[in-house]
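Colleague: Pasting in a structure now, in structure tokens, and then I'll have a few things to ask.
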Amino acid sequence: MKNASIDIQYNTYKEAGELDESDQRLIIEARKLASKAYAPYSGFQVASVAVTSDGAYIHGTNQENASYPIGLCAERVMLAAISSVASDALIKTICISYISEKQAVNQPIAPCGICRQSLVEFESRFKHPIRLLLTGQSGEVFKFNSVSDLLPMAFKKQNLIK
Ligand code: THU
């Protein structure tokens, strides 16, 4: 028997002002977008914004439904939009932010498991690392150099036996 471990590296910043100008602009975009989410049932509005190498932003917000399980997360709404309208764009960075009606949001949140799997699929498909910024409406920002860092041992296309 051997022990094994996985180490996840990321950077933390006390506030958005510590990042470069293009990251700051993306963070502002995601923080602003959160109020557009349709989340009347949870009161938890999430925004996910991707920036392309040309500086274009592609938006996604969570979309809930009275039939709760069919609600969509912001990240997957955004990925579907990219895949549909800008599939040849190179995605550099994604920023996720949120608003909660129940509490002040000055802490980053990380994407749910299903969205992590979808983000990894997207990164593998385009064979290019996608940086990830996580933040609330203010305060700390976490930066990952690749969305895959958030899902060690991800299940991938190569695992499917043909
Ligand atoms: N949600 C997202 O949009 N992204 C995540 O990664 C986590 C959760 C949404 C789903 C639901 O509409 C609300 O947040 C509360 O779970």
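Colleague: Condition first: under 16 Å from residue 144 (Cβ atoms) and among the small types (Gly, Ala, Ser). Now tell me which residues in the range 17-45 satisfy that.
Modeller: Matches in the range 17-45: 30 only.
Colleague: Output the number of residues of the range 52-66 satisfying the condition of being within 15 Å of the ligand (Cβ to nearest atom) and either closer than 18 Å to residue 110 by Cβ or within 13 Å of the chain's Cα centre (by Cα) (or both). If you could, list the steps in order and put the result at the bottom.
Modeller: Going through the range 52-66, the residues within 15 Å of the ligand (Cβ to nearest atom) turn out to be 59-66.
Of the ones still in play, those that are also either closer than 18 Å to residue 110 by Cβ or within 13 Å of the chain's Cα centre (by Cα) (or both) are 59-62.
Here the count works out to 4.
Colleague: Identify the residue in the range 44-66 that is closer than 22 Å to residue 133 by Cα and part of a loop (DSSP other than H, G, I, E, B) and, among all such residues, is modelled with the highest pLDDT.
Modeller: By that ranking, first place goes to 62.
Colleague: From the list 69, 129, 111, pick out the single residue that is within 11 Å of the ligand (Cβ to nearest atom) and either in a loop (DSSP other than H, G, I, E, B) or within 19 Å of residue 151 (Cβ to Cβ) (or both). Before you say what the answer is, go through the steps one by one.
Modeller: On the way: 69 fails: either in a loop (DSSP other than H, G, I, E, B) or within 19 Å of residue 151 (Cβ to Cβ) (or both); 129 fails: within 11 Å of the ligand (Cβ to nearest atom).
Of the residues listed, the single one that is within 11 Å of the ligand (Cβ to nearest atom) and either in a loop (DSSP other than H, G, I, E, B) or within 19 Å of residue 151 (Cβ to Cβ) (or both) is 111.
Colleague: Sticking with this structure for a sec: List every residue pair whose Cβ atoms lie under 8 Å apart, where the two residues are 6 or more positions apart in sequence or sit on different chains, the first residue falls within the range 133-162 and is farther than 28 Å from residue 106 by Cβ, and the second residue, located anywhere, is among the β-branched types (Val, Ile, Thr) and surrounded by fewer than 20 Cβ atoms within 10 Å (Cβ to Cβ).
Modeller: As it stands, the answer is 153/6, since those pairs meet every condition given.
Colleague: Take the residues in the range 72-81 that are within 9 Å of the ligand (Cβ to nearest atom) and more than 14 Å from residue 44 (Cβ to Cβ); name whichever of them is surrounded by the most Cβ atoms within 10 Å (Cβ to Cβ).
Modeller: Here the residue is 76.
The values are calculated or read from the model by the stated rules, or taken from the named source; none is laboratory data. All values derive from a computational prediction rather than experimental measurement. All Cβ positions, even for glycine, are placed from backbone atoms using ideal geometry, and neighbour counts span all protein chains on display.
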